[in-house]
Structure formats: C-alpha cells, structure tokens
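Bear in mind these aren't lab numbers, they're just calculated from the coordinates by the rules spelled out. All of these numbers come straight from a predicted model, not from anything done at the bench. All Cβ positions, even for glycine, are placed from backbone atoms using ideal geometry, and neighbour counts span all protein chains on display.
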Amino acid sequence: DTDTDTDTDSDGDLVELVQHDGTYTNAYYQAYDNGYGVVYDISSYPGATLEMIDYRHSSWGVYGTWDYILHVVDWDTYTEVDATGTLQTTGDDQWEESISLGSIAGQSGMVGVFLEALSNSASDAYPCIDGDNNLNGMSYYGALADYSSMSPSGVGDFLMDLWIMVPAKGLVQAPVYRATGPAGTGVPRR
C-alpha cells in the first residue's frame, strides 16, 4: 500500500511515496551497524530517480542533534547502491524533511532506504525513526552487513517518505488555429 503525492516541474513529476498512517507511536532503541527503513516498489515509474526522503524521529527522552547515514539498497539483489555522507538531525521529536539522496538513477524495481543511527552508544543510538504500530507496508530493520536477513519492523510502518523524480512524458503540441477562417470557423495552419 503506497500513497502518492505529485508535484510537476519542467524536469518531470516529483512523486512522494508513503507507506504509513502518519501517527508516530513507537520506535526502536536503535543500535550501531543496524539499518531501519522502508522498501518501495518503483517499478511503475520507469526512469525515475531517487531524490530525497522525509522521516519522523523521536528522542525518547534523550535530547540533542544526532548523526546518521542513509543507505540506498537494490532490494531485488540486496545490494547497496549508494550511501550519503554523515548527516545530522536539526532538532528533537520532529520531521526531517527534504533530505537529499542526490538524484540516484538506475533503479527499476524494489528499492530500500535505511537510516543508520551513529550517535550515543553502541546499544542505544539515535535518532530513533518512528513507527506507527501498524505494519501494512514494507518496513525492515537489521544488520547492515546482510540486507537479506533483515526482519519486518516490530514497531509498525516507519514514518519515512521517498520522493522520486519521474521523467516528463514530453510535450504534445496542439494544432494552431487562425482566429478566423471560412464562415468564421477555425482552420488549422499549415
């Protein structure tokens, strides 16, 4: 189940893929060397590039700004395609929005985006990506060393949205008509 929202510009359509209900009710105490994320089916969007994500995180009582990395995975082969450099949250208990993935191209099937928390201690890292306690989508967690062994989220769908750019379909030029023609009708120009 993926909801979509679309914005159009000259390069194509920016489409938001969402698999959660928007209610943050739970999260894991995240650990180092583990990823927490969502797998999206982009097979219906040929030629799409991965542009950015939004995600919701909570501090669960430990406040501050937290370092993290985003990993992009071809879920059909469990192969990491790309990873961001170290990023940092901008606040506590909020949505982080428009986090750039750098226009990753070449994905045509199932693609996962996983957050690797880097801050605090090895057993209790932050930021904690929020879940909605209702697993309807494809949210997973587990060791980054082996994506194929990741497990479905035990805290519901993670509140993470993927934005993709779908190529423009091209402009179709309509025929041009003269303002007046025989008997006042429009006549196509040649």
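Annotations
- What the Cβ-Cβ distance of Val62 and Trp95 gives, at R0 = 22 Å and to the nearest 0.05, is a FRET efficiency of 0.75.
- A full extension of the chain between Ala145 and Asp33 corresponds to an added length of 39.6 nm, given 0.36 nm per residue minus the alpha carbon distance.
- Spacing of the two label points (7 Å from each Cα toward its C-beta) at Ser44 and Thr23, in nm: 2.5
- Centroid-to-centroid, using Cα positions, the stretch 22-48 and the stretch 94-114 are 10 Å apart.
- When the Cα positions of Ala83, Leu101, Ser139 are compared along the charge dipole of the stretch 11-150, Ser139 comes out farthest toward the positive end, with charges on each C-beta of Lys, Arg, Asp and Glu.
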